[in-house]
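Everything below concerns the one structure shown next.
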Protein chains: 2
Amino acid sequence: MHIGSNRTDNGRIMTGERRTKTLREAGEFGIIRMIAEKSAGGDGVVIGIGDDAAALRFEAGSLVLSTSDMLVEGIHFDLSLTDPFRLGRKSLAVNLSDIAAMGGRPLSFLLSLAVPASCPVDFLDEFTSGMLSLAGEHGATLVGGDTCASPRGLVISVTAFGEQVSDRIVQRCGARVGDLIFVTGTLGDSALGLELLRRGEKAGYPIDRHLDPRPRVRQGRALADAGLATSMIDISDGLAADMGHITDGSSVGANLYLEKIPLSRSYREHYRTMPEDMYRTALTGGEDYELLFTAPSSRREAVLSLFSEIYTPVTEIGSIIPEPGVHFLSPDGASFDVERGGYDHFLNRQGAD
Amino acid sequence: MHIGSNRTDNGRIMTGERRTKTLREAGEFGIIRMIAEKSAGGDGVVIGIGDDAAALRFEAGSLVLSTSDMLVEGIHFDLSLTDPFRLGRKSLAVNLSDIAAMGGRPLSFLLSLAVPASCPVDFLDEFTSGMLSLAGEHGATLVGGDTCASPRGLVISVTAFGEQVSDRIVQRCGARVGDLIFVTGTLGDSALGLELLRRGEKAGYPIDRHLDPRPRVRQGRALADAGLATSMIDISDGLAADMGHITDGSSVGANLYLEKIPLSRSYREHYRTMPEDMYRTALTGGEDYELLFTAPSSRREAVLSLFSEIYTPVTEIGSIIPEPGVHFLSPDGASFDVERGGYDHFLNRQGAD
């Protein structure tokens, strides 16, 4: 049921009345009922919304993957730049992306919301519709959560559950010296999208990437099931930082080649006259929600062939080295200083000593 | 490690410096590291803090119970009336209480925090110490979560996991006509405690009940394992509302006897001259985190004997009836109107027609 639509209930036209209804008027239980009505049962959901806790059945022999992300108004989103439907999708997407980065299959999730009492019910309706649309695309079911008042600003907390058998789960800590480094899709679009939104633009590929990121669920699971990845992470903090999580976790280092970083056409076009800004944004912008993973060099063809089969672009961008740190190198061998967004020939000379 | 303690690190006295350190200075990763260092591995934790998601092993044949509660500064707690240690305990307690109310064994939990950048690191240290102290009492392990900045006010979201075999899980919907209604402990203390705190009092039994509620984990699980309860809920919204969740869920009604409602000595003493306020607070105050459950009348002795064995007070307070609604009755048979906090002899006469 779409609450904003025209319909009659007990002979009254509901649209006008319900459009202006706020959380204060509908009450906490009214909101929970509205959300529960839209959420159908799913795989392994023995008890869903409405009891003290959900009860879930997972496949025997699998481990349960669980992850939680909190999105705070004014920090993670700006209600003047997004809409509730896409905010709902993104709030779940960032969690499904974490399940994907472990190689898991998402199954269900909990949603907790702190909502200002003045928030229109329509907003929450659109928000949950968006969230449930993404959930449906990935076979995940809403099984519970919490709704409460917020004195200031919207706070969204989602906990997602997935499963995968123990020996297929891909962690951050398994990268080995000599492994190749791959990334799915293109980087930097989301950060550029946010910049364009702030400048008043309303639509386009980078904006879509920022407001409605698509978690690489199918790809993460396919990699895990094929046993190809030695380590994996989703890019939320930016390539440089997330590569650092893998190298730190695996006690290795990484060489990444600037000219190999995958960039979309609209991204390249935007930065045509600012090549150093182009790299800085792509390496540090974050919120790409692409998968970054390592695989043995002997499996290069297997990786490329897997991604070709699942119609997903993947790019080899570097390799794992024994020396700690994440090193970005230009074609002439110069180091690119990520923080300053420029080439550091001094650093490079040091490295070459 | 207690960050506030005197110790030296690289020859410097850390106390003064670290006492005043804020989240802004320590950074998100610093906070996560601090929390991770205090959290040891536990039963079934295959991957804990530090990867994209936790990986948990549950007992084969068991269902996974999961519940989420959000606590918002200014709504659920007032930092001028509590301390971070007890706030940490309570944030986990309300979730463990939900696991208890399903008859489950708590195993692990995720913690998400939105924290103002000006928050002292010491506050978070005390908060997590408190939370982990309660976790230790119940064998639950912190396995992950999220930490982010909050533009205004602290927001805490905890997701707890437990397990129980399917046919022992106790839901809200199983109460049957003729069942007896029981409640653990005493009611109203927490609401009175909050009132006393607001009046400037600092300590005492009701205040302790409000700031540091003890979830009835052992009791919920014992009831479930013994197969004695037909329905169960923890009292968070108050006896009247939570009894209503059971009767609504079970499509029955309830008669509850005012003189049987268990009240502590300090609670009775406080309300000595205000008997109607006494009942209103006990029935609607909420945050008792006692267990409210139903059992067949043939199992009365088994229930009493079980609670005697586990040294927990339990009181039979009423019975399930076919007529919908929750009815509070005084010894003379008069109805007690919960909303008004007084006896409604008109209502009673109607009922007697």
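The values are calculated or read from the model by the stated rules, or taken from the named source; none is laboratory data. Remember, it's a predicted structure, so these values are computed and weren't measured experimentally. Don't worry about glycine lacking a Cβ; one is built from the backbone with ideal geometry, like all the others, and counts go over all protein chains shown.
The residue of segment B:66-102 that is farthest from the chain's Cα centre (by Cα), among those that are more than 10 Å from every other protein chain (Cβ to nearest Cβ) and part of a loop (DSSP other than H, G, I, E, B), is B:80.
If the requirement is being at pLDDT below 95, of a type in the set (A, V, I, L, M, F, W, C) and either in a helix (DSSP H, G or I) or in contact with a Leu (Cβ under 7 Å, 6 or more places away or on another chain) (or both), which of these qualifies: B:63, B:111, B:134, B:124? Unique residue meeting the criteria: B:124. Residues that are more than 20 Å from residue B:217 (Cα to Cα) and not in a loop (DSSP other than H, G, I, E, B) within segment B:307-333 comprise B:317, B:318, B:319, B:320, B:321, B:325, B:326, B:327, B:328, B:329, listed in sequence order.
Among the residues of segment A:49-60, write down those that are surrounded by fewer than 23 Cβ atoms within 10 Å (Cβ to Cβ) and part of a strand (DSSP E or B). Selection gives nothing.
Every residue, every condition in (1) assigned by TED's automatic domain parsing to the domain that holds residue A:315; (2) assigned to a loop (DSSP other than H, G, I, E, B); (3) more than 25 Å from residue A:299 (Cβ to Cβ), yes or no:
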{"position": "A:203", "(1), (2), (3)": "yes, yes, yes"}
{"position": "A:221", "(1), (2), (3)": "yes, no, no"}
{"position": "A:229", "(1), (2), (3)": "yes, yes, no"}
{"position": "A:237", "(1), (2), (3)": "yes, yes, yes"}
{"position": "A:254", "(1), (2), (3)": "yes, no, no"}
{"position": "A:259", "(1), (2), (3)": "yes, no, no"}
{"position": "A:273", "(1), (2), (3)": "yes, yes, yes"}
{"position": "A:280", "(1), (2), (3)": "yes, no, yes"}
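I'd like to know if segment B:137-150 contains one or more residues that are charged (D, E, K, R), under 15 Å from the mean Cα position of the chain (by Cα) and within 7 Å of chain A (Cβ to nearest Cβ). No, segment B:137-150 has no match at all. Scanning segment A:152-178 for residues that are assigned to a strand (DSSP E or B) and either under 23 Å from residue A:58 (Cβ atoms) or away from chain B (no Cβ under 11 Å) (or both) gives A:157, A:158, A:159, A:160, A:161, A:162, A:163, A:164, A:165. The condition of being part of a strand (DSSP E or B), modelled with pLDDT under 95 and in contact with a helix residue (DSSP H, G or I) (Cβ under 7 Å, 6 or more places away or on another chain) holds for only one of B:293, B:336, that being B:336. Looking at B:31, B:99, just one residue is surrounded by 18 or more Cβ atoms within 10 Å (Cβ to Cβ) and modelled with pLDDT under 95, and that residue is B:31. For residue B:106, the conditions (1) within 12 Å of chain A (Cβ to nearest Cβ); (2) not hydroxyl-bearing (Ser, Thr, Tyr); (3) not in a strand (DSSP E or B) all hold with the exception of (3).
Taking segment B:157-197 as the range and being under 15 Å from the mean Cα position of the chain (by Cα) and charged (D, E, K, R) as the test, only B:189 passes.
Does residue A:130 meet the test of being more than 14 Å from every other protein chain (Cβ to nearest Cβ), over 15 Å from residue A:99 (Cβ atoms) and free of Cβ contacts under 8 Å to residues at least 12 places away in the same chain? In short, no. The set of residues in segment A:154-194 that are closer than 30 Å to residue B:77 by Cβ and either surrounded by fewer than 21 Cβ atoms within 10 Å (Cβ to Cβ) or among the polar types (S, T, N, Q) (or both) comprises A:157, A:159.
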